[in-house]
Amino acid sequence: MNFQNEISTIVNDHSHGSSFLLKQLIQIFLEYQPNKEATEAALSALKKIDASMVILHHFINYLENLPQNQSFHQFIQNYQNQWENANQSIARKLTKVLPKGAYKVLTHSHSGVVISVLTYLQESGYEFNIYQTESNPGGEGKIQAEALKNRGFVVNQIPDDQIKTTIQTIDIIILGVDHYTSTHFVNKVGSKQIVELAFEIGKTVFVLGDSRKQVEKVFEPGDMFEAAPLSNHTLLIHE
């Protein structure tokens, strides 16, 4: 594949979360180191990505401000250095409200942050038995289930229509987020139902996302995403 095809793949990827896509995008730019013309064309194409994927647009806006006297590679490296420890910071904050132990965890959709944080906690001595939804439409949960299995987790894939019964048996829910405000977060369709069910039975939902995803008001969610409220039972954890 060439640079343009790689960018097109990112633009048309509707199965992965924004953090995962950002990692791929950074690798593409570092590998190809495109000239100014190719970069401008790529940024124009990337701006077509849904506005709710705010972490990607944060990086796109960053690239548009490349100083003329700074190398392209160093500019991107600076961005990586600034944000590379965000997930570990989220994990450390989560340990302050989640005592070390063994947990049955319900997860939904596909989130690079969730995978990273769970991995960090597992390496720190936590034990997780994960119940992963299929997350239709799209089935992104299958991708996350495979990624978690590859990291040594015990993963139970469940159909979305089993969420209501499964949630009765788990300890906590951990979700990613596409963007959030002070009162709501936006995530894959099905997240609102999970939050409502958790509230009914008094179980906690941890929503994981760094501060790049914070916005003043939620974007129009579209068919694949929806807004859910933050509350005492739905806790946002950021770096």
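The values are calculated or read from the model by the stated rules, or taken from the named source; none is laboratory data. Given the structure is predicted, the values throughout are model-derived calculations rather than measurements. All Cβ positions, glycine included, derive from the backbone under ideal geometry; neighbour counts span all protein chains shown.
Restricting attention to region 155-182, the residues that are in a loop (DSSP other than H, G, I, E, B) and out of contact with any Lys or Arg (no Cβ under 8 Å at 6 or more places or on another chain) add up to 4. Got a number for residues in region 113-124 being in contact with a helix residue (DSSP H, G or I) (Cβ under 9 Å, 6 or more places away or on another chain), surrounded by fewer than 22 Cβ atoms within 10 Å (Cβ to Cβ) and either assigned to a helix (DSSP H, G or I) or modelled with pLDDT under 95 (or both)? Going through region 113-124 one residue at a time, the tally reaches 4. Would you say His110 is surrounded by 16 or more Cβ atoms within 10 Å (Cβ to Cβ), modelled with pLDDT of 90 or more and under 21 Å from Val218 (Cα atoms)? The answer is yes for His110. Look at region 132-158: where a residue is without any contact (Cβ under 8 Å) to a residue 40 or more places away in the chain and a partner is among the basic types (Lys, Arg) and surrounded by fewer than 21 Cβ atoms within 10 Å (Cβ to Cβ), sitting 6+ places away or on another chain with Cβ atoms under 6 Å, you get Val155/Lys149.
For Glu146, the criteria (1) buried (at least 22 other Cβ atoms within 10 Å of the Cβ); (2) more than 15 Å from the chain's Cα centre (by Cα); (3) of a type outside the set (Lys, Arg); (4) part of a helix (DSSP H, G or I) hold in every case but one, which is (1). Of note, Lys100 satisfies the criterion of being free of Cβ contacts under 8 Å to residues at least 60 places away in the same chain, touching a Gly at 6+ places or on another chain (Cβ under 8 Å) and surrounded by fewer than 15 Cβ atoms within 10 Å (Cβ to Cβ). State which residue is surrounded by the fewest Cβ atoms within 10 Å (Cβ to Cβ) when the search covers only region 61-74 and only residues that are in a helix (DSSP H, G or I) and touching a residue at least 12 places away in the same chain (Cβ under 8 Å). Only one residue tops the list, namely His73.
A single entry from Ile26, Ile7, Ile90 fulfils the requirement of being assigned to a helix (DSSP H, G or I), under 30 Å from Arg151 (Cβ atoms), of a type in the set (A, V, I, L, M) and more than 17 Å from the chain's Cα centre (by Cα): Ile7. Do we find a residue being modelled with pLDDT under 95, within 27 Å of Lys96 (Cβ to Cβ), of a type in the set (S, T, N, Q) and part of a loop (DSSP other than H, G, I, E, B) anywhere in region 183-203? No, region 183-203 has no match at all.
Could you run through region 210-235 and say how many residues are of a type outside the set (S, T, N, Q) and either closer than 23 Å to Asp160 by Cα or touching a Gly at 6+ places or on another chain (Cβ under 6 Å) (or both)? Residues that pass the stated criteria total 12. Quick check, is Leu94 touching a residue at least 60 places away in the same chain (Cβ under 8 Å) and within 30 Å of Ile174 (Cα to Cα)? So Leu94 fits the description; yes.
The single condition among (1) out of contact with any His (no Cβ under 9 Å at 6 or more places or on another chain); (2) assigned by TED's automatic domain parsing to the domain that holds Leu175 that His73 does not satisfy is (2).
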